[in-house]
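Trainee: Here it is, the structure, as structure tokens.
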């Protein structure tokens with residue numbers, strides 16, 4: 001039977017592989033999404049871009065409802081249970097529950113959109129929701145297929161099909177419509193492009209599933225009566241998913257109701273703030289099944305080690321982006337968007353603080369789901385969603401986009417904060433050790449003082465080198481302060497295993513910097 005180090009190394013290998021795949025997928029998604037938004041922002045008015053963003057927000061909220069909480073439930077239970085009969089039952093019942101609910105939600109949104117236009121005299125929003133009703137019907141099954149592979153600790157389908165191909169195909173079809181459609185039809189062309197891209201992605205991921213799943217799961221007769229257990233596990237996650245969507249979108253929806261003209265500017269800043277969770281979301285996606293497997297083997301030590309190590313290294317992404325967004329907000333907006341978007345900087349600073357603070361707690365939500373504490377996740381989501389809704393109605397009427405930013409930031413921090421406190425009390429699981437806090441403080445505090453006190457206005461194209469330099473500095477501080485532990489050593493071994501070759505240069509540099517602590521490497 002493998003010892004704790006072997007199990008930790010094995011788990012870190014999965015986390016490393018899955019995180020790298022998700023990170024590359026997310027980077028691809030960011031790149032293609034950025035390009036698509038540049039095209040949209042330049043071809044649409046600010047008002048039309050705001051309407052398009054509102055449509056996406058509604059789709060996100062209803063998609064959470066349509067999936068019934070099944071993607072996370074399926075990923076967790078496939079990793080926790082190992083018998084092919086049980087796994088077959090999980091997959092069969094997931095499809096049985098998801099498909100009719102998705103169809104009902106999609107049809108309901110379409111009928112509401114038909115009612116919205118003549119009743120509220122907003123034909124553009126009406127036609128947007130009519131088209132986006134199809135996104136709900138197409139996106140939910142694709143998400144479930146990706147979650148099935150997630151349960152087998154395979155992040156590739158989600159990264160390739162959901163994250164990369166969807167925005168890439170959207171760009172292809174968007175450029176095509178721009179070429180062949182007259183100027184007055186460009187907005188409808190954008191809607192059609194998004195819908196067709198989702199349809200193609202669903203077809204491709206279903207084809208991949210048909211041929212790939214046979215290698216992962218032997219043929220077996222599904223366990224009878226498992227559907228009720230799966231649904232009982234998923235329903236709290238359904239509420240969590242809906243409320244999580246509410247806590248991430250209520251501010252945008254309320255802003256759209258009260259200050260419609262500011263939605264385009266606000267969603268532009270929010271897109272940047274969400275980049276701060278890039279590393280954490282990449283880790284959290286694959287951490288859920290890995291943690292469930294640890295718990296199935298009753299190996300809490302490996303779980304704790306993997307959690308702490310993974311959380312520390314997400315700062316390589318979050319810390320540089322936060323410092324740049326907070327201290328150079330106008331330049332950050334100008335790097336991505338036209339100059340008309342660079343004047344509203346306060347919302348970006350507010351949401352950057354919220355996004356960075358949330359990233360400090362690690363994949364706490366995934367850990368709670370792995371422990372099976374879905375009731376606590378539900379309670380935390382209710383608190384976060386309530387804060388977003390309450391603060392939105394309290395602050396947006398008088399403060400506009402800045403009030404929406406405060407609501408989003410507070411909600412984003414509350415969720416992982418509560419989860420981390422509960423995990424620390426009940427399970428003794430948290431990332432806040434010396435090897436995590438020291439590099440954060442030694443890197444972040446001096447740079448914050450430098451950027452805050454020294455007048456410095458970098459050009460747009462200086463921002464990427466600054467981000468990379470801060471990331472490299474953080475790595476150097478980790479080594480320089482000897483904030484390297486057993487988890488880092490095992491992470492290096494996992495990376496070498498994933499790459500299929502040793503990394504002697506990394507080990508030599510580590511030993512040279514660490515000196516007497518070189519045994520860690």
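Coordinate-derived values only; no laboratory data. Computed from a predicted model, the values in this text were never measured in an experiment. Note that each Cβ is placed from the backbone with ideal geometry, even for glycine, and that neighbours are counted across all protein chains shown.
Trainee: Explain nothing, just the number: relative contact order of region 4-483, from Cα pairs under 8 Å at least 6 residues apart, as a whole percent. Walk me through the numbers before you get to the answer.
Mentor: Values: 724 pairs, mean separation 99.5, N = 480.
With pairs under 8 Å counted, the relative contact order is 21 percent.
Trainee: Another question, if that's okay. Could you give the C-alpha radius of gyration of region 4-483 expressed as a fraction of 2.2 N^0.38 Å, taking N as the number of residues it contains? If you can, show how the numbers build up before the last one.
Mentor: Details: Rg = 22.1 Å, N = 480, 2.2 N^0.38 = 23.0 Å.
After normalising by residue count via 2.2 N^0.38 Å, the value is 0.96.
Trainee: Turning to a different aspect of this structure: For residue 229 and residue 346 in one chain, what is 0.36 nm times their gap in residues minus the Cα-Cα distance, to one decimal in nm? It would help to have the intermediate numbers written out before the result.
Mentor: Values: separation 117, 0.36 × 117 = 42.12 nm, distance 4.70 nm.
The residue 229-residue 346 span can extend by a further 37.4 nm.
Trainee: I've got another one for you. Enumerate the residues in region 138-175 having an amide nitrogen under 16 Å from the point lying 7 Å beyond the Cα of residue 210 toward its Cβ.
Mentor: 142, 145
Trainee: What length, rounded to one decimal in nm, is gained on full extension from residue 34 through to residue 104, with 0.36 nm per residue of separation minus their alpha-carbon distance? Before the final figure, lay out each step's value.
Mentor: Numbers: separation 70, 0.36 × 70 = 25.20 nm, distance 3.20 nm.
Here the segment from residue 34 to residue 104 would lengthen by 22.0 nm.
Trainee: Quick one: if the Förster radius is 56 Å, what FRET efficiency do residue 188 and residue 85 give, using the C-beta to C-beta distance and rounding to 0.05? Before the final figure, lay out each step's value.
Mentor: On the way: r = 49 Å, r/R0 = 0.87.
Using R0 = 56 Å, I get an efficiency of 0.70.
Trainee: Under Stokes-Einstein, with the Kirkwood radius over Cα pairs standing in for Rh, what whole-number D in µm²/s applies to region 35-81 at 4 °C and 1.567 mPa s?
Mentor: Working: Rh = 13.1 Å.
Answer from the Stokes-Einstein relation: 99 µm²/s.
Trainee: Let me ask something else about it. Give, in nm to one decimal, the length gained when the segment between residue 425 and residue 96 is fully stretched (0.36 nm per residue of separation minus the Cα-Cα distance). Spell out each step's value before the answer.
Mentor: Numbers: separation 329, 0.36 × 329 = 118.44 nm, distance 3.79 nm.
Difference between extended and current length: 114.6 nm.
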